[in-house]
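Written out below as structure tokens is the structure these notes cover.
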Amino acid sequence: KERDAKIIEAKKISILAKYNKLNCEACDFNFKEFYGQRGDDYIECHHLFPVSQMSINHKTKLDDLCLLCSNCHRIIHRKTPWLTLKELKAIIKK
């Protein structure tokens, strides 16, 4: 089992085509808006289902992934059990 950079790139392209920007799906942070050109097209990709629990023949779909800023990605993985995207959104203070 390996992480496939092609599916991650496809997820980013899909979101860019739909929204014309890459915002964190949890907190709405946008690297380009905050860092300017240096942050353009940057965001991390999170598997909603842990790769370690996937079967050998599992094919990751775009809906199996979400885009997160670095902070949100780290918080999801900080402790086990990992937070779901919905749980993370519920604890974010805006």
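Calculated from DSSP H runs of 4 or more alone, at -39500 (n - 2.57) each and per residue, what is the 222 nm mean residue ellipticity of the chain, nearest 500? Don't skip to the end; give the middle numbers.
Working: 4 runs with 35 residues, N = 94.
It comes out at -10500 deg cm²/dmol, rounded to the nearest 500.
Ranked from the most accessible area to the least, with a 1.4 Å probe and all protein chains present, what is the order of Asp64, Asp41?
Sorted descending by solvent-accessible area, the residues read Asp41, Asp64.
Suppose a student asked you for the relative contact order of the chain, using Cα pairs under 8 Å spaced at least 6 residues apart; what percent would you report?
Values: 101 pairs, mean separation 28.8, N = 94.
It rounds to 31 percent for the chain.
Tell me, what is the per residue accessible area of the chain in Å², probe radius 1.4 Å?
Using a 1.4 Å probe on heavy atoms only, each residue of the chain averages 76 Å².
Ordering Cys27, Cys69 by accessible area with a probe of 1.4 Å, largest first, what comes out?
Cys27, Cys69
Could you order His47, His77 by accessible surface area, starting with the largest, using a probe radius of 1.4 Å?
Order by accessible area, largest first: His77, His47.
Output the pairs from Lys18/Lys89; Lys18/Lys61; Lys11/Lys86; Lys12/Lys86; Lys18/Lys79; Lys12/Lys89 with a Cα-Cα distance over 26 Å in this structure; if there are none, say none.
From the list (Lys18/Lys89; Lys18/Lys61; Lys11/Lys86; Lys12/Lys86; Lys18/Lys79; Lys12/Lys89), the Cα-Cα distance tops 26 Å for Lys18/Lys79.
Note the listed values (i) 1.84; (ii) 1.05; (iii) 1.10, then indicate which one is Cα Rg over 2.2 N^0.38 Å calculated from this particular structure.
Working out Cα Rg over 2.2 N^0.38 Å from the coordinates points to (iii).
The values are calculated or read from the model by the stated rules, or taken from the named source; none is laboratory data. No experiment lies behind these values; they were computed from the predicted model shown. Please note that ligands, DNA and RNA were not included when accessible areas were found on the heavy atoms of the full protein model with its side chains. Shrake-Rupley method; radii C 1.70, N 1.55, O 1.52, S 1.80 Å.
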